[in-house]
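The structure under discussion appears below in the form of structure tokens.
Every read-out reported here was derived from the displayed coordinates using simple, explicitly stated rules and does not represent laboratory data. Bear in mind the structure is a predicted one, so any value in this text is a computation, not a measurement. All Cβ positions, even for glycine, are placed from backbone atoms using ideal geometry, and neighbour counts span all protein chains on display.
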Amino acid sequence: MRLDHAELRVISLPLLKPFRTSFGEMREKTFVLLRLSGEGLEGVAEGVMDVRPDFREETISGALALLKETVLPGVLGQEFTNPEQLTRHLARVRGNRMALATLEMAFWDLWAKSLSLPLSTVLGGVRDEVAVGVSLGIQPSIKATVESASLHAEQGYKRIKLKIQPGWDVEMVRAVKAALGDLPVTVDANAAYSLAHINTLLALDTLGLDYIEQPLAWNDMRDHAKLQKLMLTPLCLDECITSAQDARKALETAACRLVNIKVGRVGGHLEARRIHDVAASFSAPVWCGGMLESGVGRAHNIHLSTLENFTKPGDTSSSSRYWARDIIHEKLETSGGMMPVPKGAGIGVTLDLPFLDTVTQLKVDVHP
Ligand code: OSB
Ligand code: MG
């Protein structure tokens, strides 16, 4: 596959409801969209970098500059036979996994299209629908949280994940657990705690949570290993894991017992699949996380989630929970907590270009 042209856009989509985590509140989702063309076909992907480096260190402006000035000029006009070959070429870039993932994922879409196969088939997926839960942001009250959790449980979502932070944790989680009965409940702290909060963390350990996601610092596996020793509840790492090597070290040192795989965080589908395989070798389950993606990132996540060891429900819930209007024509909606895998070649979704133009803040063309 010869790569001919790339178009980078910055898109901003208003969220139906603000999404609050321990690191801040999002009212709209701003992201980089890449359209990559070669041999008369087009692959698309979105980056999961944010405007500010408050989830991990990458930013939209940094990723745009790197892609436009360094990474894309290095691949346009070149021939890549498969994603492995592209990834070997990209390995010269240190870090910047989110920026690289944007290109790698667009290439997988393009490559799968050139084979006239769905991405899930090319990746080695084993199912045509994937189990999903929801991630609920920090709400104004416990009552509002219990109501939202119950509503999503009624809609059939397979687990409820609650965002927590110091002061918004044990009491709230206890109330939701009491309302939901046997439905799996998890919490995600987005790195808001330290070992100084050990009493709160040990209280969370008594609540029957399925797992606790990234309680401690975004770059600190060591303290997670200390904490896991003191807890019965499995820890799940998100921010800490950017590669299969990270996942191997985390599982080897028991810093976690399962992994949230975000394809956009780890450099793309190839690395995501390696993490999936490493976890399987430790008999550790994985699940597919989300970053409030538009339909494009959502479709990539769904295809990835068809791999065998994605045995825990992911975060790829219905698009209509996030947007009044998505940037793709297809509807990505769950029923009974199951998200169907989009049919057709590649990621199986198509851009609504007239609408996309109305939400585009910046557009850059890159030629060989
Ligand atoms: O930590 O999983 C996270 C959203 C933005 C940034 C980080 C995270 C999240 C979510 C939402 O939990 C997942 C989703 O609904 O896409
Ligand atoms: Mg998380």
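What residue, of Ile138, Ile142, Ile160, is away from ligand 1 (no atom under 16 Å from the Cβ) and surrounded by 15 or more Cβ atoms within 10 Å (Cβ to Cβ)?
None of the others qualify; the one that does is Ile142.
May I ask you to list the residues in the stretch 222-245 that are within 15 Å of ligand 2 (Cβ to nearest atom) and in contact with a helix residue (DSSP H, G or I) (Cβ under 9 Å, 6 or more places away or on another chain)?
Those that are within 15 Å of ligand 2 (Cβ to nearest atom) and in contact with a helix residue (DSSP H, G or I) (Cβ under 9 Å, 6 or more places away or on another chain): His224, Pro234, Leu235, Leu237, Cys240, Ile241, Thr242.
Identify the single condition in (1) in a helix (DSSP H, G or I); (2) in contact (Cβ under 8 Å) with a residue 40 or more places away in the chain; (3) surrounded by 24 or more Cβ atoms within 10 Å (Cβ to Cβ) that Leu356 does not satisfy, given that it satisfies every other one.
(3)
Conditions tested, residue by residue: (1) of a type outside the set (Lys, Arg); (2) part of a helix (DSSP H, G or I).
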site: Asp182; (1), (2): yes, no
site: Asn190; (1), (2): yes, no
site: Ala196; (1), (2): yes, yes
site: Gly208; (1), (2): yes, no
site: Leu216; (1), (2): yes, no
site: Ala225; (1), (2): yes, yes
site: Lys229; (1), (2): no, yes
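For Thr145, indicate whether it is polar (S, T, N, Q) and within 16 Å of ligand 2 (Cβ to nearest atom).
Criteria not met by Thr145.
Among (1) of a type in the set (S, T, N, Q); (2) within 16 Å of ligand 2 (Cβ to nearest atom); (3) without any contact (Cβ under 8 Å) to a residue 12 or more places away in the chain, there is one condition Ser61 misses while meeting the rest; what is its number?
Of everything listed in (1) of a type in the set (S, T, N, Q); (2) within 16 Å of ligand 2 (Cβ to nearest atom); (3) without any contact (Cβ under 8 Å) to a residue 12 or more places away in the chain, Ser61 misses just condition (2).
Considering only the stretch 124-135, state which residues are more than 16 Å from ligand 1 (Cβ to nearest atom) and either in a strand (DSSP E or B) or buried (at least 20 other Cβ atoms within 10 Å of the Cβ) (or both).
Residues satisfying the conditions are Gly125, Glu129.
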